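Engineer: Can you read through this structure? Questions will come right after.
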Amino acid sequence: LVHCSNMYGGSASGRDAVMESGIVQAGVGIFFQQENDGSVYVKTIVSGGSAEREGSVRVGDMILAVDDRDVIGEPLSTLRGLILGPQGSRVRLTFERREGSENYRYESTLIRGTAEYLNGISPTRSMDDDIDDARLQLRQALAQCSQGREELDKLRKMLQQERESAQRREEEIEALQGANAEEIANLSETLRKAEQARRESEIQLHPLQQRETELAEEMNRQKEKERLRKEYIEELKKTARGREEPPGAVVSQRASWEA
């Protein structure tokens with residue numbers, strides 16, 4: 001649902017001006033509409049009204065403030081009471097305009113009054129008008145400077161945070177490198193000791209291996225001697241048996257077996 005109101009702007013016929021306590025109350029020649037989210041946009045700019053004469057306000061611009069009062073989300077009745085005022089007085093409106101992907105904020109100081117009233121105003125500018133314009137420009141410049149300072153402060157904070165983050169990362173990297181270097185040194189020392197122990201073991205094992213070889217050779221020699229000794233004893237036994245038995249006894253024994 002979109003709410004519309006034409007009570008905020010002086011029309012060409014002057015029918016939007018009202019009388020309160022003997023003072024003519026008028027708007028600035030703008031029709032507004034309110035969206036569901038509460039935001040209020042310029043729907044129509046009245047021909048011959050103050051907004052059209054000033055020239056900066058466009059259809060689709062969103063109103064943000066009236067004389068430094070925030071009106072975002074305010075109902076149309078509140079906005080009407082703020083914009084309507086004595087005919088001939090000034091009111092400062094703050095708008096936001098979307099241009100491409102960026103939002104542009106600006107201010108517009110408008111004279112309250114119907115088209116007939118504005119037509120009757122002398123085109124010559126007074127000193128008060130120049131002062132008001134100068135004040136408006138000064139306020140806009142100060143607002144831009146303030147916004148610039150805020151953005152600069154934000155950038156400084158972001159830069160400081162990035163520096164602190166980078167410093168923390170460097171410290172963490174240094175700590176990791178130190179821990180890795182210490183671990184590598186410990187591993188190198190352990191490896192060196194293991195290699196030294198291996199060499200010492202080899203040095204101690206070499207005589208044992210040599211002695212084992214010598215014992216194996218000695219055992220083989222003893223076995224060979226034992227074998228030769230047994231063969232020699234067998235030969236002696238054979239020789240002894242041959243000397244103890246005469247040849248005739250063998251023949252007579254064979255003969256008795258045959259009988």
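The values are calculated or read from the model by the stated rules, or taken from the named source; none is laboratory data. Please read all numbers here as calculations on a predicted model, not as lab measurements. Positions of Cβ are backbone-derived with ideal geometry, glycine not excepted, and every protein chain shown enters the neighbour counts. Ligands, DNA and RNA are stripped out before the accessible areas are found, and what is left, the full protein with its side chains, is counted by its heavy atoms. Shrake-Rupley method; radii C 1.70, N 1.55, O 1.52, S 1.80 Å.
Engineer: Could we say that L152 is over 30 Å from V42 (Cα atoms), open to solvent by less than 100 Å² (accessible area, probe 1.4 Å) and under 31 Å from the mean Cα position of the chain (by Cα) here?
Structural biologist: Numbers: over 30 Å from V42 (Cα atoms): yes; open to solvent by less than 100 Å² (accessible area, probe 1.4 Å): yes; under 31 Å from the mean Cα position of the chain (by Cα): yes.
Yes: the conditions hold for L152.
Engineer: While we're here: Do we have G81 as modelled with pLDDT of 90 or more and either surrounded by 19 or more Cβ atoms within 10 Å (Cβ to Cβ) or not in a helix (DSSP H, G or I) (or both) here? Talk me through it step by step, then tell me what you get.
Structural biologist: Numbers: modelled with pLDDT of 90 or more: yes; either surrounded by 19 or more Cβ atoms within 10 Å (Cβ to Cβ) or not in a helix (DSSP H, G or I) (or both): no.
Spelling it out, it is not the case that G81 is modelled with pLDDT of 90 or more and either surrounded by 19 or more Cβ atoms within 10 Å (Cβ to Cβ) or not in a helix (DSSP H, G or I) (or both).
Engineer: So, one more: Going through segment 180-209 one residue at a time, which ones are hydroxyl-bearing (S, T, Y) and modelled with pLDDT of 90 or more? Can you show your working first?
Structural biologist: Of all residues in segment 180-209, those hydroxyl-bearing (S, T, Y) come to 188, 190, 201.
Within segment 180-209, S188, T190 meet the criteria.
Engineer: Let me confirm something: among R105, R53, which residue is open to solvent by 60 Å² or more (accessible area, probe 1.4 Å), under 21 Å from L136 (Cβ atoms) and in contact (Cβ under 8 Å) with a residue 60 or more places away in the chain? Spell out the reasoning first.
Structural biologist: Values: R105 fails: in contact (Cβ under 8 Å) with a residue 60 or more places away in the chain.
Just a single option satisfies the conditions, and that option is R53.
Engineer: D129 versus (1) at pLDDT 90 or above; (2) under 28 Å from L142 (Cβ atoms): which is the lone unmet condition?
Structural biologist: Only one criterion in (1) at pLDDT 90 or above; (2) under 28 Å from L142 (Cβ atoms) is unmet by D129, namely (1).
Engineer: Could you go through segment 142-163 and let me know if any residue there is closer than 28 Å to S39 by Cβ and of a type in the set (A, V, I, L, M).
Structural biologist: yes
Engineer: So which pairs qualify, if the first residue must be in segment 23-34 and over 18 Å from R53 (Cβ atoms), the second must be of a type in the set (F, W, Y) and in a strand (DSSP E or B), the Cβ gap must be under 6 Å, and the two must be at least 6 apart or on different chains?
Structural biologist: That search, which allows pairs on different chains as well, returns Q33/Y41.
Engineer: Here is a list: V91, V42. Which entry is open to solvent by less than 10 Å² (accessible area, probe 1.4 Å), touching a Phe, Trp or Tyr at 6+ places or on another chain (Cβ under 7 Å) and either β-branched (V, I, T) or modelled with pLDDT of 95 or more (or both)? Let's see the steps before the verdict.
Structural biologist: On the way: V91 fails: touching a Phe, Trp or Tyr at 6+ places or on another chain (Cβ under 7 Å).
Answer to the selection: V42.
Engineer: On the given criteria, is Q177 more than 21 Å from E54 (Cα to Cα) and either modelled with pLDDT under 90 or surrounded by 10 or more Cβ atoms within 10 Å (Cβ to Cβ) (or both)? So that I can check it myself, show each step before the final result.
Structural biologist: Details: more than 21 Å from E54 (Cα to Cα): yes; either modelled with pLDDT under 90 or surrounded by 10 or more Cβ atoms within 10 Å (Cβ to Cβ) (or both): yes.
In short, yes.
Engineer: Another question, if that's okay. Has segment 146-158 got any residue that is assigned to a helix (DSSP H, G or I), closer than 30 Å to D70 by Cα and polar (S, T, N, Q)? Quick ask: steps written out before the conclusion?
Structural biologist: Start the filter on segment 146-158 by keeping residues that are assigned to a helix (DSSP H, G or I), which leaves 146-158.
Narrowing further to those that are closer than 30 Å to D70 by Cα: 146-158.
Still in the list and also polar (S, T, N, Q): 146-147.
Yes, segment 146-158 has at least one match.
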